[in-house]
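*Asks:* Following this message is one structure expressed as structure tokens.
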């Protein structure tokens, strides 16, 4: 048992249930090649093939089906016990999953300056991906940017998102930008987690798309840092882009914006009852958003 490759077993359990390496990569927070390597290590350890590698995906072999049937319940028990052990050591903290840019530019400054929330211990876990609350019993809730609703999730819409193009003052001056009509002629910068922000902005504003090129990054903070470096025009999401506008590192290319179909939602599992910590945080978050 001491030589059992537990990380490989974990990878197998995730892949066997999704048959999708990309989903497993996101769940395990490792690269797709790393997932494949862990599976190969387990197959060598067991001396059997667990998956058929098909042109368009994966399928379990007979050995793989038998292994996940016997392993699955035991692995779920291990995961649940681990999550409960973590939860028992949190001393009443409210653990929240949140995207990094929202945490840094909106949530943390308000937590730091508001004494009303000071007595509530909040533990933040940042991730650009949408975390599956059904798989994470240690998380109390999450703040998601999306449309909703989500299966098995109770959501509270707390903050709408206004979008407008932004760029560095130097980029604006060097390219003679006069407004949003000039956007399509230049490189655009966006998030690879939410690739339809720009298409929605073009649709809602009636602006014609151009061929200036596109660069994407895995979180909005990198998107805005790339814009301040002069790499192109970023999609500014209010309120996340506000600190860059306040500091003058970025400027708006149009006085008005459009309200996107996505908003920030506070979400929790539907099969979990609320508690005082969550209710207190929800009331505080709604009040902050309204302000």
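*Asks:* Which of the three applies to the chain, rounded, prolate or oblate, going by the alpha-carbon gyration tensor with a ≥ b ≥ c and a/c under 1.5 meaning rounded?
*Replies:* It is oblate, given that a/c is not under 1.5 and a/b is not larger than b/c.
*Asks:* Using r as the Cβ-Cβ distance of residue 261 and residue 56, and R0 as 35 Å, what FRET efficiency do you calculate, to the nearest 0.05?
*Replies:* After rounding, the FRET efficiency stands at 0.65.
*Asks:* Can you give the Rg/Rh ratio of the range 6-88, where Rg is from the C-alpha atoms and Rh is the Kirkwood radius?
*Replies:* Answer for the range 6-88: 0.98.
*Asks:* Which value at 222 nm does the chain reach when only helices count, each DSSP H run of 4 or more adding -39,500 (n - 2.57), with the total divided by all residues and rounded to the nearest 500 deg cm²/dmol?
*Replies:* -12000 deg cm²/dmol
*Asks:* Quick one: Cα centre-to-centre distance for the range 222-291 and the range 182-214, in angstrom?
*Replies:* That distance is 19 Å.
*Asks:* To make sure I understand, if each residue's beta carbon is the centre and we count other beta carbons within 10 Å, what order do 182, 218, 119 fall in, fewest to most?
*Replies:* If I rank by nearby Cβ atoms, fewest first, I get 119, 218, 182.
*Asks:* For the pair residue 78/residue 37, report the inter-label distance in nm, with labels modelled 7 Å from Cα in the Cβ direction.
*Replies:* 2.0
*Asks:* Counting DSSP beta bridges in the chain, what percent are antiparallel, to the nearest 5?
*Replies:* 65
*Asks:* What distance in nm lies between label points placed 7 Å from Cα along the C-beta direction at residue 120 and residue 93?
*Replies:* A separation of 1.6 nm, rounded to one decimal place.
*Asks:* Determine, from the Cβ-Cβ distance of residue 290 and residue 135 and an R0 of 41 Å, the FRET efficiency 1/(1 + (r/R0)^6), rounded to the nearest 0.05.
*Replies:* That pair, residue 290 with residue 135, gives E of 0.80.
*Asks:* Still on this structure, I have one more. Full extension from residue 30 to residue 273: what is 0.36 nm times the residue separation minus their Cα-Cα distance, to one decimal in nm?
*Replies:* 84.3 nm
*Asks:* Arrange the following residues from fewest to most other Cβ atoms within 10 Å of their Cβ: 56, 95.
*Replies:* 56, 95
Computed from the coordinates by the stated procedures, all read-outs in this text should not be read as laboratory data. No experiment lies behind these values; they were computed from the predicted model shown. Positions of Cβ are backbone-derived with ideal geometry, glycine not excepted, and every protein chain shown enters the neighbour counts.
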